[in-house]
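The values are calculated or read from the model by the stated rules, or taken from the named source; none is laboratory data. Not measured: the values here are computed from a predicted model. Note that we place each Cβ from the backbone using ideal geometry, even for glycine, and neighbour counts take in every protein chain shown. Heavy atoms of the whole protein, side chains included, go into the accessibility calculation; ligands, DNA and RNA do not. Shrake-Rupley method; radii C 1.70, N 1.55, O 1.52, S 1.80 Å.
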Amino acid sequence: RWRHLGRRTLATGADAVTAGGKGGQDPSRRPFVMSAWSRIPVGRGELMDRQVALVTGATRGIGREVVAQLGRGGFTVITAADGEEALRLARESMPDLMLLDLIMPKMHGFDVLAALKAAPETAGIPVIVLSNLGQDSDVQLARERGAHDYIIKSNIALEMLVERVRTFFADRAA
(Lines give C-alpha, C1' and ligand atoms only; values in the text may rest on other atoms or scores of the structure.)
Protein backbone atom coordinates (compact mmCIF):
# COMPACT_ATOMS: atom_id res chain seq x y z
CA ARG A 1 0.00 0.00 0.00
CA TRP A 2 1.15 3.51 -0.72
CA ARG A 3 0.20 6.81 0.83
CA HIS A 4 0.38 9.93 -1.27
CA LEU A 5 2.28 12.68 0.52
CA GLY A 6 1.10 15.55 -1.59
CA ARG A 7 3.29 18.35 -2.86
CA ARG A 8 6.19 18.44 -0.42
CA THR A 9 9.78 17.40 -0.02
CA LEU A 10 10.67 14.63 2.38
CA ALA A 11 14.10 13.72 3.70
CA THR A 12 14.08 10.34 5.37
CA GLY A 13 17.70 9.26 5.83
CA ALA A 14 18.58 5.58 5.84
CA ASP A 15 15.08 4.23 5.22
CA ALA A 16 14.46 6.41 2.20
CA VAL A 17 12.37 4.95 -0.53
CA THR A 18 13.86 6.05 -3.79
CA ALA A 19 11.42 7.48 -6.26
CA GLY A 20 13.76 8.04 -9.16
CA GLY A 21 16.94 10.03 -8.94
CA LYS A 22 20.46 9.03 -9.85
CA GLY A 23 21.16 5.33 -10.00
CA GLY A 24 23.88 3.83 -7.87
CA GLN A 25 23.35 6.13 -4.91
CA ASP A 26 22.99 4.26 -1.66
CA PRO A 27 20.23 5.91 0.42
CA SER A 28 21.60 4.30 3.59
CA ARG A 29 24.73 6.46 3.29
CA ARG A 30 23.05 9.82 2.82
CA PRO A 31 19.68 11.49 3.30
CA PHE A 32 17.47 11.22 0.27
CA VAL A 33 15.29 14.18 -0.49
CA MET A 34 12.23 13.00 -2.34
CA SER A 35 10.83 15.28 -4.99
CA ALA A 36 7.31 16.66 -5.06
CA TRP A 37 4.51 14.13 -5.46
CA SER A 38 6.58 11.24 -4.11
CA ARG A 39 5.03 8.39 -2.18
CA ILE A 40 6.27 6.21 0.67
CA PRO A 41 4.93 2.81 1.70
CA VAL A 42 2.47 2.67 4.57
CA GLY A 43 3.28 0.32 7.42
CA ARG A 44 7.06 0.18 6.99
CA GLY A 45 7.60 0.15 10.76
CA GLU A 46 10.78 2.10 11.28
CA LEU A 47 10.11 4.63 8.53
CA MET A 48 6.60 5.40 9.71
CA ASP A 49 7.66 5.47 13.40
CA ARG A 50 10.17 8.28 12.90
CA GLN A 51 9.50 11.64 14.44
CA VAL A 52 8.26 14.06 11.82
CA ALA A 53 9.55 17.64 11.71
CA LEU A 54 7.97 20.30 9.54
CA VAL A 55 10.68 22.78 8.51
CA THR A 56 9.65 26.14 7.10
CA GLY A 57 11.77 28.29 4.82
CA ALA A 58 13.76 25.22 3.83
CA THR A 59 14.00 26.03 0.14
CA ARG A 60 16.73 28.61 0.56
CA GLY A 61 20.08 29.04 2.29
CA ILE A 62 20.63 27.24 5.54
CA GLY A 63 17.14 25.72 5.39
CA ARG A 64 18.27 23.09 2.89
CA GLU A 65 21.20 22.21 5.12
CA VAL A 66 18.88 21.90 8.12
CA VAL A 67 16.66 19.47 6.18
CA ALA A 68 19.67 17.36 5.15
CA GLN A 69 21.13 17.33 8.66
CA LEU A 70 17.82 16.33 10.26
CA GLY A 71 17.40 13.59 7.65
CA ARG A 72 20.86 12.27 8.52
CA GLY A 73 19.86 12.52 12.17
CA GLY A 74 17.03 10.03 11.63
CA PHE A 75 14.06 12.36 11.38
CA THR A 76 11.43 12.48 8.68
CA VAL A 77 11.34 16.04 7.38
CA ILE A 78 8.51 17.80 5.58
CA THR A 79 9.28 21.21 4.13
CA ALA A 80 7.20 24.30 3.50
CA ALA A 81 8.42 27.13 1.29
CA ASP A 82 6.15 29.82 2.75
CA GLY A 83 3.86 30.57 5.67
CA GLU A 84 0.61 29.59 3.98
CA GLU A 85 2.05 26.23 2.96
CA ALA A 86 3.38 25.72 6.50
CA LEU A 87 -0.12 26.10 7.97
CA ARG A 88 -1.67 23.82 5.37
CA LEU A 89 0.96 21.11 5.89
CA ALA A 90 0.67 21.39 9.66
CA ARG A 91 -3.07 20.69 9.42
CA GLU A 92 -2.61 17.85 6.90
CA SER A 93 0.36 16.03 8.41
CA MET A 94 0.19 16.91 12.13
CA PRO A 95 3.99 16.84 12.57
CA ASP A 96 5.64 16.02 15.89
CA LEU A 97 7.52 19.33 15.72
CA MET A 98 7.69 22.47 13.60
CA LEU A 99 10.93 24.36 13.03
CA LEU A 100 9.61 27.78 12.09
CA ASP A 101 11.54 30.47 10.25
CA LEU A 102 10.14 33.94 10.90
CA ILE A 103 11.02 35.55 7.57
CA MET A 104 9.00 33.79 4.86
CA PRO A 105 6.99 34.77 1.81
CA LYS A 106 3.18 35.07 1.87
CA MET A 107 2.86 34.97 5.68
CA HIS A 108 5.27 36.07 8.41
CA GLY A 109 6.41 33.45 10.91
CA PHE A 110 4.83 35.25 13.88
CA ASP A 111 1.47 35.14 12.06
CA VAL A 112 1.96 31.43 11.30
CA LEU A 113 2.69 30.78 14.97
CA ALA A 114 -0.38 32.73 16.11
CA ALA A 115 -2.66 30.93 13.61
CA LEU A 116 -1.18 27.55 14.50
CA LYS A 117 -1.79 28.05 18.24
CA ALA A 118 -5.27 29.58 17.70
CA ALA A 119 -6.64 26.53 15.85
CA PRO A 120 -7.60 23.68 18.20
CA GLU A 121 -6.43 20.97 15.78
CA THR A 122 -2.89 22.41 15.51
CA ALA A 123 -2.48 24.12 18.90
CA GLY A 124 -0.67 21.07 20.30
CA ILE A 125 2.07 21.04 17.65
CA PRO A 126 5.27 22.15 19.39
CA VAL A 127 7.17 24.92 17.62
CA ILE A 128 10.84 25.80 17.77
CA VAL A 129 11.59 29.11 16.09
CA LEU A 130 14.73 28.90 13.98
CA SER A 131 15.53 32.40 12.77
CA ASN A 132 18.24 34.99 12.28
CA LEU A 133 16.11 37.55 14.12
CA GLY A 134 17.81 37.75 17.49
CA GLN A 135 16.34 40.79 19.22
CA ASP A 136 15.03 40.19 22.73
CA SER A 137 11.65 41.51 21.59
CA ASP A 138 11.49 38.85 18.83
CA VAL A 139 12.30 36.07 21.29
CA GLN A 140 9.74 37.38 23.77
CA LEU A 141 7.01 37.70 21.11
CA ALA A 142 7.65 34.16 19.87
CA ARG A 143 7.40 32.76 23.39
CA GLU A 144 4.22 34.78 24.06
CA ARG A 145 2.67 33.29 20.91
CA GLY A 146 3.49 29.73 22.02
CA ALA A 147 6.99 28.83 20.79
CA HIS A 148 8.68 26.15 22.89
CA ASP A 149 12.20 27.31 22.05
CA TYR A 150 13.96 30.00 20.03
CA ILE A 151 17.20 29.26 18.19
CA ILE A 152 19.21 31.91 16.37
CA LYS A 153 20.56 30.29 13.19
CA SER A 154 23.89 32.07 13.25
CA ASN A 155 24.54 30.96 16.84
CA ILE A 156 24.20 27.19 16.38
CA ALA A 157 26.02 24.51 14.40
CA LEU A 158 23.80 22.16 12.41
CA GLU A 159 24.94 19.16 14.46
CA MET A 160 23.92 20.99 17.64
CA LEU A 161 20.53 21.75 16.12
CA VAL A 162 19.91 18.04 15.59
CA GLU A 163 20.94 17.43 19.22
CA ARG A 164 18.52 20.13 20.41
CA VAL A 165 15.72 18.46 18.45
CA ARG A 166 16.65 15.05 19.90
CA THR A 167 16.73 16.53 23.41
CA PHE A 168 13.34 18.11 22.81
CA PHE A 169 11.82 14.73 21.87
CA ALA A 170 13.57 12.96 24.76
CA ASP A 171 12.25 15.52 27.26
CA ARG A 172 8.71 15.13 25.88
CA ALA A 173 8.90 11.34 26.15
CA ALA A 174 10.07 11.48 29.77
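Considering segment 144-163, the residues that are closer than 20 Å to D96 by Cβ and modelled with pLDDT of 90 or more include one that is farthest from the chain's Cα centre (by Cα), namely R145. Within segment 121-162, the residues that satisfy the criterion of being acidic (D, E) and surrounded by 13 or more Cβ atoms within 10 Å (Cβ to Cβ) are D138, D149. Of the residues examined, A147 is not one that is free of Cβ contacts under 8 Å to residues at least 60 places away in the same chain, assigned to a helix (DSSP H, G or I), among the hydrophobic types (A, V, I, L, M, F, W, C) and touching a strand residue (DSSP E or B) at 6+ places or on another chain (Cβ under 7 Å). When you check A90 against the structure, is it under 20 Å from R50 (Cβ atoms) and surrounded by fewer than 13 Cβ atoms within 10 Å (Cβ to Cβ), yes or no? Answer is no for this residue.
Here G63 meets each of (1) closer than 26 Å to Q140 by Cα; (2) modelled with pLDDT of 90 or more; (3) in a helix (DSSP H, G or I) with one exception, condition (2). So L99 clears everything in (1) at pLDDT 90 or above; (2) open to solvent by less than 10 Å² (accessible area, probe 1.4 Å); (3) not in a strand (DSSP E or B) except one condition, right? Which one? Of (1) at pLDDT 90 or above; (2) open to solvent by less than 10 Å² (accessible area, probe 1.4 Å); (3) not in a strand (DSSP E or B), only one is false for L99: (3).
For segment 104-120, a residue qualifies if it is surrounded by fewer than 15 Cβ atoms within 10 Å (Cβ to Cβ) and either of a type in the set (D, E, K, R) or closer than 24 Å to E163 by Cα (or both), and exactly one does: K106.
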